[in-house]
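What follows is calculated from the coordinates using simple rules that are stated; it is not laboratory data. Every value quoted in this text rests on a predicted model; they were computed, and no experiment measured them. Cβ placement follows ideal geometry from the backbone for every residue including glycine, while neighbour counts extend to all protein chains displayed.
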Amino acid sequence: MRFGLSTAYALALVTGASAAPSTVTARQNSPFNTAAITDFAEPWALAFLPDNRILVTEKRGQLRLVDPNTKAKGTITGVPSVRYGGQGGFGDVALHPRFSENNLIYISYAEAGTGGSGAAVARARLVLNTSGGGALQNVEVIWRQSQKVNGDGHFAHRILFDSNSTLWISSGERQQFDPAQSMTSNLGKIIRLNDDGTVAAGNPFTGTVGSQVWALGVRNPLGIDFDEQGRLWEVEMGPMGGDELNLIEKGGNYGWPIVSQGNHYDGRPIPNHNTRPEFIAPKAFWNPVISPSSVIIYKGDLFRNWRGNAIISALGAQGLVRVEITGNTAREAQRISLGRRIRCVRQGSDGALWVLEDGAGGRLLKLTPR
Ligand SMILES: [Ca+2]
């Protein structure tokens, strides 16, 4: 089912979700005990090591290693030079599923080049030292956006592995619009590769660039995660009034820039998804927008009633947005203010939620049930 605007507003009223997130009072409504671990210079993403220490990327190009028990913060050297500015810089970090055997980590970042900038994904061997830091060795770029363009927006470049060690990358459309529908560009796509960057078997399209593509027509897809059935969910920042939660299907076309539940920021209208049934409509969308920065599908036991829910970190909504997924439908169930733009949410091995606040001095917070 697809929510029309009026339905979305009605649901927002029913669920108590506020059109103005600032009216949600964090202290009274918070379901969390919050522990602040340490702070960072513009943190963007985090990943857990097997020993529960945490890698945190900082947008200007620093990779930090944090011990949440001692709060000690070390540095991992060897990060490639990143193009910092606007939405661009150091992006995501993810461990190879067999990290314990191969010590491989994957990073994404904006890089400069002829024509402007573009996202790149590299893999490297993480070599830790005994003083709380380490180095990246054998850094190898295994994927790039197919064109470098001017401007510093919509890189997205989220990295995710599935249990078969297949690598998924969300590639933003770089504010270029039409490339999201072009199979000679990998902008505005969900990318599926082997762990060495070669094209994975079974992808739905052909062509030099097209063969990387699993799904197309996405705008600024900052979050992707699998549910326990192995289905891939995606959140993307839409235009004015058009943030989306999508269920990603093989070969699916999600419509950007031809359709959207929102309109262009200069006020020009964009037809809704229901005007073009060949495009897959979002399972939920937001107007006003929440500015989704990442998503997890919760798989832990600590927040027992949230299992299978999408937990979306939000910049504009300054907190977490919890979405209940029932079969193929999704609806916002709760909006939890954290009083600051939230850049990333991840689930720890104990089921706790770990979030990064956005911007200068952004903190790493551990959230457990109150
Ligand atoms: Ca769409």
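Listed values, structure above:
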{"read-out": "Members of region 272-308 found to be within 11 Å of the ligand (Cβ to nearest atom) and surrounded by 14 or more Cβ atoms within 10 Å (Cβ to Cβ), listed by number", "value": "Asn272, His273, Phe279, Ile280, Ala281, Pro282, Lys283, Phe285"}
{"read-out": "Candidate set: region 142-156, residues that are touching a residue at least 40 places away in the same chain (Cβ under 8 Å) and closer than 12 Å to Gly113 by Cβ; chosen: the one nearest to the chain's Cα centre (by Cα)", "value": "Gln145"}
{"read-out": "Test for Arg83: is it closer than 19 Å to Tyr106 by Cβ, surrounded by 15 or more Cβ atoms within 10 Å (Cβ to Cβ) and in contact with a Leu (Cβ under 7 Å, 6 or more places away or on another chain)", "value": "no"}
{"read-out": "Residue match in region 126-134 (condition: under 23 Å from Leu232 (Cα atoms) and not in a loop (DSSP other than H, G, I, E, B))", "value": "no"}
{"read-out": "Residues of region 32-54 that turn out to be surrounded by fewer than 16 Cβ atoms within 10 Å (Cβ to Cβ) and not in a strand (DSSP E or B), as a count", "value": "3"}
{"read-out": "Filtered residues of region 118-167 (kept if of a type in the set (A, V, I, L, M) and touching a Lys or Arg at 6+ places or on another chain (Cβ under 6 Å))", "value": "Ala120, Ile142, Val149"}
{"read-out": "Residue match in region 249-260 (condition: more than 10 Å from the ligand (Cβ to nearest atom) and touching a residue at least 40 places away in the same chain (Cβ under 8 Å))", "value": "yes"}
{"read-out": "Conditions (1) surrounded by fewer than 23 Cβ atoms within 10 Å (Cβ to Cβ); (2) assigned to a loop (DSSP other than H, G, I, E, B); (3) within 14 Å of the chain's Cα centre (by Cα); number of the one not met by Gln229", "value": "(3)"}
{"read-out": "Scan of region 86-138 for residues that are more than 23 Å from Gly223 (Cα to Cα) and in contact with a Pro (Cβ under 7 Å, 6 or more places away or on another chain), ordered by number", "value": "Ser100"}
{"read-out": "Members of region 158-213 that are within 16 Å of the chain's Cα centre (by Cα), buried (at least 24 other Cβ atoms within 10 Å of the Cβ) and assigned to a loop (DSSP other than H, G, I, E, B)", "value": "Gly172, Glu173, Arg174, Leu187, Gly188"}
{"read-out": "Asn263 vs. criteria buried (at least 16 other Cβ atoms within 10 Å of the Cβ) and either basic (Lys, Arg) or within 13 Å of the ligand (Cβ to nearest atom) (or both)", "value": "no"}
{"read-out": "Selected residue (only one of Arg219, Arg231 is within 11 Å of the ligand (Cβ to nearest atom) and basic (Lys, Arg))", "value": "Arg219"}
